[in-house]
Amino acid sequence: MAHRLATEYVNATMQMTDVQMNQFLQSTITSQINFRVKVMDGGGQEIVLEDESGEEVHLPFERKDGFYVCELSCRLVTPQLTNAVRKLFSAFKGSGKVNRIYRGFIMSYDYHDGTVERIEQLAEDDCSLIYEYKNTAGELQRLYNSNETEKEIESIHLRINDLLDQRIAAVTMSSIESIDEQLRKFNQRLFVLEA
């Protein structure tokens with residue numbers, strides 16, 4: 001099994017309400033990670049998490065529209081601190097890129113609101129897509145709500161009516177055959193659309 005060398009958070013963001021911030025601080029008190037809180041101008045806070053090895057990460061939370069918003073870019077090495085930040089990122093629905101670095105390759109995770117949307121394996125000259133979230137239920141709902149098929153059926157009905165009028169007025173056999181061929185094509189398309 002590959003041994004992780006480091007974890008990078010690239011342009012990651014998290015946001016918390018006052019209640020969630022209190023929950024976060026309470027959970028940090030009970031963990032084995034040391035933390036300090038610095039109160040910043042404008043009501044923001046910087047939370048510094050530090051593990052027993054001395055590695056630390058600074059989480060700057062600014063007040064924006066009633067939320068504490070943290071924008072984070074950092075590289076973590078020790079498993080204890082890495083795990084603490086991962087739990088925090090997941091619990092408070094973080095968004096951004098998280099790179100898990102191994103010898104010879106990187107696993108790159110794209111998160112949106114705490115959910116993994118894409119995983120790629122990056123090597124020197126290679127990029128392999130491992131996973132990509134597809135909103136199948138949402139796509140099916142969009143198709144269900146779509147009325148494009150009904151519009152096309154209505155358009156075909158109008159075109160068929162025009163062709164039938166032309167067929168009645170047609171005088172040559174070649175005109176009638178041409179109209180009949182167009183009517184057959186429209187009939188086949190209607191069969192597909194109405195099925």
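The values are calculated or read from the model by the stated rules, or taken from the named source; none is laboratory data. All of these numbers come straight from a predicted model, not from anything done at the bench. Don't worry about glycine lacking a Cβ; one is built from the backbone with ideal geometry, like all the others, and counts go over all protein chains shown. Ligands, DNA and RNA are excluded from the accessible area calculation, which covers all protein heavy atoms including side chains. Shrake-Rupley method; radii C 1.70, N 1.55, O 1.52, S 1.80 Å.
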Seminar exercise, completed: Looking only at lysines whose Cα falls under 23 Å of K97's and that sit 8 or more positions away or on another chain, we get K64, K87, K134
Exercise. How many angstrom lie between the C-alpha centres of region 1-68 and region 111-174?
Worked result: 44 Å
Exercise. How big is the charge dipole of the chain about its Cα centre, in debye rounded to the nearest 20, if each Lys and Arg gets +1 on its Cβ and each Asp and Glu gets -1 on its Cβ?
Worked result: 380 debye
Exercise. Among all helices in the chain defined by DSSP H, which have a length of 24 Å or more along the axis from Cα atoms plus a Kyte-Doolittle mean of at least -0.5?
Worked result: 173-194
Seminar exercise, completed: Those GluC sites (Glu not before Pro) from region 26-88 that are DSSP loop and have at most 13 other Cβ neighbours within 10 Å turn out to be E52
For this session: Give the residue from G104, L140, L122 lying farthest towards the positive end of the charge dipole for the chain; charges sit on Cβ (+1 for Lys and Arg, -1 for Asp and Glu) and the dipole is referred to the Cα centre.
Result: G104
Exercise. How many Å² of accessible area per residue for region 48-195, probe 1.4 Å?
Worked result: 67 Å²
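Which percent of the accessible area of region 143-195 is formed by carbon and sulfur heavy atoms (probe 1.4 angstrom)? Walk me through the numbers before you get to the answer.
Values: 2270 of 4270 Å².
With neighbouring chains kept in place, the figure for region 143-195 is 53 percent.
How about region 78-176: which chymotrypsin sites (Phe, Trp or Tyr not before Pro) there are in a DSSP loop, with at most 10 other Cβ atoms within 10 Å of their Cβ?
Passing sites in region 78-176 do not exist.
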Problem set entry | Inter-label distance, nm, simple model (7 Å from Cα along the C-beta direction), R184/Q20 | 6.3 nm
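DSSP loop trypsin sites (Lys or Arg not before Pro) in region 75-154 with at most 14 other Cβ atoms within 10 Å of their Cβ, which ones?
Here the trypsin sites (Lys or Arg not before Pro) that fit, given the DSSP loop and packing criteria, are R103, K134.
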